[in-house]
Amino acid sequence: MQLTSFTDYGLRALIFMATLPPGKLTSITEVTETYGVSRNHMVKIINQLSRAGYVAAARGKNGGIKLGKPASEIVIGQVVRDMEPLQLVNCHTDFCHITSACRLKKALNEAVQNFLAILDGYTLADMIEDNQPLYHLLLGERPSLSI
């Protein structure tokens, strides 16, 4: 299974915000530059994360973005559910003539549920705690990253 770049960069943006000092705001531009992704793409991602409550945005001269809740309350599996279209195959009868007898959709659904169950065991805090190399990469010299 491969996550879409939308979800991938959404998780990366959350990781970046989680490494910031408490109360510090960042900008979409800063996140964009850190990961080398288009600003337009990141705006859409941040909007989705904001609608889901993971990001809080403040407008105005001193505005910016930050986590909308503590990193320990952001469950990775739920973020993936909120960001990712999890239908792996198109089982609509107009698309596939074996749908009525197919067992693949059940197996794939079970695999997705197990995948999500593993991710449900991790929070955003788990991704950053005691991870000094991550802090150095994100808050240090700002090289482009591929997490």
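Descriptive notes on the structure:
- Of all accessible heavy-atom area on the chain, the percent that carbon and sulfur account for (1.4 Å): 53 percent
- When the trypsin sites (Lys or Arg not before Pro) in region 15-79 are filtered for DSSP coil states and for at most 14 other beta-carbon atoms within 10 Å of their beta-carbon, the remaining sites are 24, 59, 61.
- Solvent-accessible surface of the chain, averaged per residue with a 1.4 angstrom probe and all protein chains in place: 61 square angstrom.
- Average projected area [Cα convex hull, the chain], square nanometres: 10.3 nm²
- Loop-located chymotrypsin sites (Phe, Trp or Tyr not before Pro) in region 1-109 whose Cβ has at most 11 other Cβ within 10 Å (DSSP): 95
- Max mean-square fluctuation residue, GNM over the chain, Cα-Cα springs under 10 Å, options 136, 41, 92: 92
- Helices assigned as whole DSSP H runs in the chain whose Cα atoms extend at least 20 Å along their own long axis and whose mean Kyte-Doolittle hydropathy is 0.0 or higher are found at 5-19, 104-119.
- Residue 129 accessible area, assembled protein chains, probe 1.4 Å, Å²: 110 Å²
- In this structure, the amide hydrogen of residue 68, modeled 1.01 Å from its nitrogen in the peptide plane, lies closer than 5 angstrom to those of 55, 56, counting only residues at least 5 positions away or on a different chain.
- For the chain, calculated [θ]222 nm from helices alone, where every DSSP H run of n ≥ 4 adds -39500 (n - 2.57): -15000 deg cm²/dmol
The values are calculated or read from the model by the stated rules, or taken from the named source; none is laboratory data. Note that this is a predicted model, so its numbers are computed, not measured. Glycine also receives a Cβ, built like all others from the backbone with ideal geometry; neighbour counts cover every protein chain displayed. The accessibility values were calculated without ligands, DNA or RNA, using every heavy atom of the protein model including side chains. Shrake-Rupley method; radii C 1.70, N 1.55, O 1.52, S 1.80 Å.
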